[in-house]
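The values are calculated or read from the model by the stated rules, or taken from the named source; none is laboratory data. Everything quoted here is computed from the prediction, not taken from an experiment. We place every Cβ from the backbone using ideal geometry, glycine too, and count neighbours over all the protein chains shown. All accessible areas refer to the heavy atoms of the entire protein, side chains included, with ligands and DNA or RNA removed. Shrake-Rupley method; radii C 1.70, N 1.55, O 1.52, S 1.80 Å.
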Amino acid sequence: MSDLHDLCSFGSRPVTDAYVAQLSYYLKSGIPSTYTVEEAYNYTHDITEEASTNTTPLHLICTNLPEDLTEDEVAVCNHMVQILFEYGAGWSLIDANNETPGCILIRRKMNHLPIYKQIVEAGVRAELLLRKVGEFDMEVIEDTDDLNHDQFGDAVPDLVETEGTPEDVQKKEVANNTSTEKESEAEEQPKAENEVDDAPDAPSQNQESYLSTKLEYVDNALVTKDRKDGVMMAWETDLMRLGCDSLFKGAEIEQGEIDSEVNILNIGFGMGIIDTMINELKPTKHYICEAHPDVLAKLKKDGWYEKPNVVILEGRWQEQLDELLSSGDVYFNGIYYDTFSEHYHDMLDLFDYVVGLLKPHGVFSFFNGLGADRQVIYEVYKELVEIDLANYGLKCTFKSIEVPASTLKENNKSVWDDVKRSYWSCPVYYHPEARFIDI
Ligand SMILES: C[S@@+](CC[C@H](N)C(=O)[O-])C[C@H]1O[C@@H](n2cnc3c(N)ncnc32)[C@H](O)[C@@H]1O
């Protein structure tokens, strides 16, 4: 531990502005805000190997925040975190317990504190920035060898000097490959013994590979045949009911006035749970877009092709919706999106079609599994999707629903028992409903 780490462990009370002054002093002196306990240890023990975990000052703050903080102390701690972020602290770095700072606050039931909100906001900023960097193909400096580390020298307090100079400020963060749903950054989760790694070409990560993978309908689930990845599971039935109810809200033109033609589009048939609900409500036209051959075979077998009001769009929505939009034949009161093996950037592409195909009073909803295998990431993506939809002129509101306890892995008997990888580990589901802003 260095002096910086000691400071963030709150050895003395009360926590006053002296903490802020000391923290600012260390950071101004050149100690990186992401200087880890592991790096300090390796330095003092002459270990050259890079540590695989990152216990940063922010982790220490979240771990050591006293539970009985006064209001004034909360304000000071919040200020410390603000300063750490100004100096580039990472919101999603993982410590030896596989926890981000936000995970620690959640575990300690301290996520009502403003520090947690700062962490979520830092996550949103980081994601928006990364996207811009990607858009413009900008170079990110990763090799810090040629940066001037001497800045760390004379100015730092004695104890820190003896504890060492961090040579490398690169850190491993939670992978930012958040998917739109039934998979996300699970490689960062502790792996069960029978769990296999998610290579970039694994069906859960890669559409081409998914679409050529055999699927199997088993009790209460649709899974990939070999790996037993959960594509769709019956525990989501209540969430599908919410989705279906939202779609039909878009049938109302004005209060009490129902549209003469109610058209619904569902993207991703899976187990047909939401489509069964939609069809029972007899929309004028019920479009189903589905890409996987095994699921299309199921649609055929179960007679969906013969239903008079059903139109099946065979293929990926990326191609099918393009044709539909160009034809100008149909506009929808409700659009639902729930696919597999797609990522958030796919969903951003979908928004172009949503605004083109939705009637002015229509509703867009989706299975909100964005980042749902880690609660803090789930909350970051809740904010992000709200911002992104607003950029398309859609206001997204969320209803919070408790999910069945059987979806939480810590339970003795869980829905994941026969499934190789889980895609959900949050206690609350945020059900989204988006409408055009001036409606
Ligand atoms: C999670 S399931 C949908 C479950 C459905 N909401 C239900 O209630 O049963 C996802 C479905 O999306 C389909 N899918 C995946 N990518 C797609 C794409 N690009 N276009 C159309 N369908 C896709 C999958 O084959 C799968 O059937």
Checklist line | Interchain or long-range residues, amide H under 5 Å from Phe366's placed H | finding: Tyr337
Next item on the list: Return a whole-number percent for the relative contact order of region 232-436, with Cα pairs under 8 Å and 6 or more residues apart as the contact set.
Entry: 21
Margin query: Show me the GluC sites (Glu not before Pro) within region 66-142 that DSSP assigns to loop and that have at most 12 other Cβ atoms within 10 Å of their Cβ.
Written below: Glu67, Glu139, Glu142
Checklist line | region 287-319-region 370-439 distance, computed between alpha-carbon centres (Å) | finding: 26
Item checked: trypsin sites (Lys or Arg not before Pro) lying in DSSP loop within region 373-420, provided at most 13 other Cβ fall within 10 Å -> Lys413
Margin query: List the residues, sorted by chain then number, that are 5 or more residues from Gly250 or on another chain and whose placed amide H is less than 5 Å from its amide H.
Written below: Val363
Notebook entry, point to check: Once the Cα atoms of region 305-359 are picked out, what are the Rg and Dmax in Å?
Noted result: 11.9, 35
Checklist line | Radius, Kirkwood style, for region 248-347 when every pair of distinct Cα atoms is counted (Å) | finding: 14.2
Notebook entry, point to check: What is the extension gain from Ala199 to Asp418, computed as 0.36 nm multiplied by their sequence separation minus the C-alpha to C-alpha distance, in nm to one decimal?
Noted result: 76.7 nm
Note to self: So if I take the centroid of the Cα atoms in region 197-228 and the same for region 1-79, what is the distance between those two points in Å?
What the structure shows: 43
Note to self: Using a 1.4 angstrom probe on the protein heavy atoms only, could you order Lys359, Lys249, Lys28 from most to least accessible area?
What the structure shows: Lys28, Lys249, Lys359
Checklist line | Residues of region 295-313 with amide N under 17 Å of the 7 Å Cα→Cβ point at Lys214 | finding: 295-298
Checklist line | Compactness of region 316-399 as Cα Rg over 2.2 N^0.38 Å, two decimals | finding: 1.12
Notebook entry, point to check: Using the Karplus equation 6.51 cos²θ - 1.76 cosθ + 1.60 (θ = phi - 60°), what ³J(HN,Hα) coupling, rounded to whole Hz, does each residue of region 25-31 give in order, writing x for Gly and Pro?
Noted result: 4, 4, 6, 5, 6, x, 6
Notebook entry, point to check: Remind me, what semi-axes does region 30-87 give for its equivalent ellipsoid, largest first in whole Å, using sqrt of 5 times each Cα gyration tensor eigenvalue?
Noted result: 27, 13, 8
Check: Among Lys282/Lys420; Lys225/Lys249; Lys298/Lys395; Lys298/Lys382; Lys225/Lys300, which pairs are too far apart, with a Cα-Cα distance over 27 Å?
Finding: Lys282/Lys420; Lys225/Lys249; Lys298/Lys395; Lys298/Lys382
Notebook entry, point to check: Give me the Kirkwood hydrodynamic radius of region 232-436 in Å, from all C-alpha pairs, to one decimal place?
Noted result: 17.5
Notebook entry, point to check: Using modelled amide H (1.01 Å from N, peptide plane; none on Pro or chain starts), what sits under 5 Å from the amide H of Asn220, excluding residues fewer than 5 places away?
Noted result: none
Check: Along the charge dipole of region 232-436, which of Ser425, Tyr305, Leu348 sits closest to the positive end, that is, farthest toward it, with unit charges on the beta carbon of Lys, Arg, Asp and Glu (+1, +1, -1, -1)?
Finding: Ser425
Next item on the list: Using θ = phi - 60° and the Karplus relation 6.51 cos²θ - 1.76 cosθ + 1.60, list the HN-Hα couplings for region 259-273 in order, rounded to whole Hz, with x at every Gly or Pro.
Entry: 4, 5, 10, 10, 10, 10, 10, 10, 9, x, 7, x, 8, x, 5
Next item on the list: Report ³J(HN,Hα) in whole Hz for each residue of region 303-317, in order, from the Karplus equation J = 6.51 cos²θ - 1.76 cosθ + 1.60 where θ = phi - 60°; Gly and Pro get x.
Entry: x, 5, 5, 8, 5, x, 9, 9, 10, 9, 9, 7, x, 6, 4
Notebook entry, point to check: Which value, in debye to the nearest 20, gives the size of the charge dipole of region 232-436 about its Cα centre, when Lys and Arg are +1 and Asp and Glu are -1 at the Cβ?
Noted result: 420
